[in-house]
Structures are given as C-alpha cells and as structure tokens.
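Worksheet: one structure, shown below.
The values are calculated or read from the model by the stated rules, or taken from the named source; none is laboratory data. Note that the structure is predicted; figures quoted are calculated from it, not measured. All Cβ positions, even for glycine, are placed from backbone atoms using ideal geometry, and neighbour counts span all protein chains on display.
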Amino acid sequence: MTQYFLTVPGDTAEEATLTSLREADPAELAALVAAVGRVNSAMREAGAFVHAGGLQPPSTAVTIDATGSEAERVPGPFADATHYVGGFWIIDVPDNEAALGWAERCSAAARSRIEVRALQ
C-alpha cells in the first residue's frame with residue numbers, strides 16, 4: 001500500500017478563513033460539509049482514510065529557519081504564491097489509480113480541484 005497526499009488548493013485572492021466561511025450561504029456550506037463527510041466515511045469504510053484536515057490561510061504562517069547560528073522566525077509562508085494548500089487528505093491505497101479515484105470523489109464533494117501526490 002502507498003500513502004497519497006490529496007490537497008485542496010486555495011486562492012490567495014480569496015483567502016478563506018473561518019469568518020468568510022461563516023458568511024457563506026448556510027445551506028451551501030451545510031451541503032459541502034455533508035458531501036465531504038460522506039467521502040470521509042466512505043474512505044474510512046474502505047480502509048483508505050489516514051488523516052484529513054483544513055489549514056489556516058498562509059497569512060497565519062510562520063517560517064522557521066534554524067540552519068544558521070540562530071533560529072529565525074519569519075512571519076508568513078516560505079514562498080509567495082497565488083495559490084496555497086487549503087486542506088488535505090492522506091490516504092493509504094494499493095496504487096495510483098485508486099488514489100486518483102478517491103481524488104475524483106474528493107473533488108466532487110469539496111467542489112474544488114485536487115492535487116494527488118504519493119508520499120515517499
């Protein structure tokens with residue numbers, strides 16, 4: 001079995017936060033949460049689910065560099081980008097095709113593109 005990292009991209013122009021989610025249409029948000037919950041349940045039942053979560057936006061990041069004589073803490077992400085990882089799943093499946101199949105289901109549920117990468 002191989003573990004895969006399925007990521008949900010976010011757009012820095014629309015940096016999602018808990019506040020912006022609260023401002024979303026409650027019915028649409030409830031439908032989205034329910035759809036993702038169903039996919040998570042299906043992953044658990046299939047034995048593919050390892051972990052999943054949403055991430056705070058990049059503006060909340062702190063980059064640590066302890067490669068020199070003193071550790072540096074730099075506010076913000078390590079790279080400027082127009083997109084960022086907003087959420088993720090880690091799954092454990094037999095092969096790439098199975099990972100792609102779960103990614104298709106995640107994409108439909110989350111109403112988002114999904115990037116699929118195998119863990120080393």
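Figures for the structure shown
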{"read-out": "Selection status of Ala98, part of a helix (DSSP H, G or I) and aliphatic (A, V, I, L, M)", "value": "yes"}
{"read-out": "Flag if Gly76 is of a type in the set (Gly, Ala, Ser), more than 14 Å from Val8 (Cα to Cα) and more than 18 Å from the chain's Cα centre (by Cα)", "value": "yes"}
{"read-out": "Selection count where residues are crowded, with 19+ Cβ neighbours inside 10 Å, within 22 Å of Pro57 (Cα to Cα) and at pLDDT 95 or above, scope region 79-102", "value": "1"}
{"read-out": "Enumeration of residues in region 39-64 that are closer than 17 Å to Leu6 by Cα and exposed (fewer than 12 other Cβ atoms within 10 Å of the Cβ)", "value": "Ser41, Arg44, Gly47, His51, Gly53"}
{"read-out": "Answer residue from region 63-113, given it is among the β-branched types (Val, Ile, Thr) and touching a helix residue (DSSP H, G or I) at 6+ places or on another chain (Cβ under 6 Å) and is nearest to Ala34 (Cα to Cα) among those", "value": "Ile91"}
{"read-out": "Any hit, region 67-78, residues being within 27 Å of Glu104 (Cβ to Cβ) and exposed (fewer than 10 other Cβ atoms within 10 Å of the Cβ)", "value": "no"}
{"read-out": "Evaluation of Gln56 against (1) within 13 Å of the chain's Cα centre (by Cα); (2) without any contact (Cβ under 8 Å) to a residue 40 or more places away in the chain; (3) more than 17 Å from Asp11 (Cα to Cα) (one fails), failing number", "value": "(3)"}
